[in-house]
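The block underneath contains the structure these notes are about, expressed in structure tokens.
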Amino acid sequence: MNDCTQSACGDGFVQAGVEACDDGNVIQTDACLTNCLIASCGDGHIQAGVEACDDANNEQTDGCLNDCRLPSCGDGFVQDGIETCDDGNLDDTDACTNACIVARCGDGVLRIDLEDSDDAFEECDDGENEPGDGCSERCLIERCGNGRVDHGEACDDGNGVDLD
């Protein structure tokens, strides 16, 4: 420096080869930190207008993602205590709903990702588990001739032939 004082981090002058930046202030939320390093995601300081969070860890299931975004349903990471699943897509008809809740019979969303031989297969899902309304409590269509004894039926042999 021209005033014969020793250069130091925080003096407002960048020392070539020593400092990445030096803005001469003690603000940790701008582009230059007080240790004269350029602010970046993962440094533990939230850069105003650039980062939504910065917790300086590599944990993807806490309150801040590694790219300094706040977690949200659909980001592909299950947030502990908040979500039961997060498949990172906008397909509401698979094993994880768009509300990040594991799909189940009676949730009002028809799953289409399963074969009829799968335990959780749904033919219908009216959002309730009331027998006799056309969609059974197992999310199967209630109708005569389906081979299942549904609500209101005494028998159902599945052949559709009356009086046999």
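The values are calculated or read from the model by the stated rules, or taken from the named source; none is laboratory data. Nothing here was measured: the structure is a model prediction, and the numbers come from that model. Glycine gets a Cβ as well: all are built from the backbone with ideal geometry, and neighbour counts include every protein chain shown. Protein only, heavy atoms only, side chains kept; ligands, DNA and RNA dropped before computing areas. Shrake-Rupley method; radii C 1.70, N 1.55, O 1.52, S 1.80 Å.
Residues in region 100-111: is at least one under 30 Å from Cys53 (Cα atoms) and buried (at least 16 other Cβ atoms within 10 Å of the Cβ)? Give the steps one after another, and end with the answer.
Step one: of region 100-111, the residues under 30 Å from Cys53 (Cα atoms) are 100-102.
Within this subset, residues satisfying the condition of being buried (at least 16 other Cβ atoms within 10 Å of the Cβ) are 100.
Taking every residue of region 100-111 in turn, at least one turns out to be under 30 Å from Cys53 (Cα atoms) and buried (at least 16 other Cβ atoms within 10 Å of the Cβ).
Testing Ala154 on (1) at pLDDT 95 or above; (2) over 18 Å from Thr84 (Cβ atoms), one condition comes back false. Which one is that?
For Ala154, the failing item is (1).
Within region 141-156, track down each residue that is over 42 Å from the mean Cα position of the chain (by Cα) and either over 19 Å from Asp116 (Cβ atoms) or among the β-branched types (Val, Ile, Thr) (or both). Don't jump to the end; show me each part of the working.
At the first step, the residues of region 141-156 found to be over 42 Å from the mean Cα position of the chain (by Cα) are 153-156.
Answer for region 141-156, where residues must be over 42 Å from the mean Cα position of the chain (by Cα) and either over 19 Å from Asp116 (Cβ atoms) or among the β-branched types (Val, Ile, Thr) (or both): Glu153, Ala154, Cys155.
Output the number of residues of region 6-60 satisfying the condition of being open to solvent by 80 Å² or more (accessible area, probe 1.4 Å) and among the charged types (D, E, K, R).
Summing the residues that are open to solvent by 80 Å² or more (accessible area, probe 1.4 Å) and among the charged types (D, E, K, R) in region 6-60 gives 1.
Scan region 116-142 for residues that are more than 26 Å from Glu83 (Cα to Cα) and exposed (fewer than 13 other Cβ atoms within 10 Å of the Cβ) and report the count.
Of the residues in region 116-142, 3 are more than 26 Å from Glu83 (Cα to Cα) and exposed (fewer than 13 other Cβ atoms within 10 Å of the Cβ).
Output the residues belonging to region 71-91 that are of a type in the set (D, E, K, R) and either open to solvent by 50 Å² or more (accessible area, probe 1.4 Å) or in contact with an Asp or Glu (Cβ under 8 Å, 6 or more places away or on another chain) (or both).
Listed by number, the residues that qualify are Asp75, Asp80, Asp86, Asp87, Asp91.
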